[in-house]
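Trainee: Okay, here's the structure, questions in a sec.
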Amino acid sequence: MSDAQANTESPATTLNAKLSDLSTEISATADKLSKAAQGAVTRLSESGNEFFQELIKSGESLRAKTGKSGDAEQWRARLAYTLGLPTRDEMDALNKKLDRINRKVNKLAREQKAK
């Protein structure tokens with residue numbers, strides 16, 4: 001093909017060729033992005049699983065160090081105190097007071113009924 005013929009290509013033909021090249025480049029880039037995204041998801045999944053396994057090992061190690069039930073009970077008691085929750089002894093004392101009050105109220109109700 002001579003230079004004269006090459007210069008006589010129509011603008012539409014040139015535009016179509018450029019669009020085709022651009023389309024091919026976009027497809028290749030999209031394919032690379034898709035592969036990169038899949039790789040990122042896989043890597044995150046693997047590292048997330050590794051992190052989860054590390055957490056399990058840390059928890060097991062901590063449990064082995066503080067596995068005594070007394071330690072767990074002390075921790076629970078400190079947490080309850082911090083939250084302002086009553087202790088078991090305080091609840092027992094409160095229940096006894098309520099029982100005494102209920103007995104007195106029932107006694108007064110019976111006396112009122114008898115009158």
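Trainee: Please state the equivalent ellipsoid semi-axes for the stretch 3-65: what are the square roots of 5 times the Cα gyration tensor eigenvalues, largest first, in whole Å?
Mentor: 59, 7, 5
Trainee: If you scale each eigenvalue of the Cα gyration tensor by 5 and take the root, what three semi-axes come out for the chain, rounded to whole angstrom and sorted largest first?
Mentor: 85, 27, 9
Trainee: Computed over the Cα atoms of the stretch 74-115, what is the convex hull's projected area averaged over all directions, in nm²?
Mentor: Averaged projected hull area, Cα only: 3.2 nm².
Just so you know, all these numbers are worked out from the coordinates, no wet-lab data involved. These numbers were taken from a predicted model, which means no experiment stands behind them.
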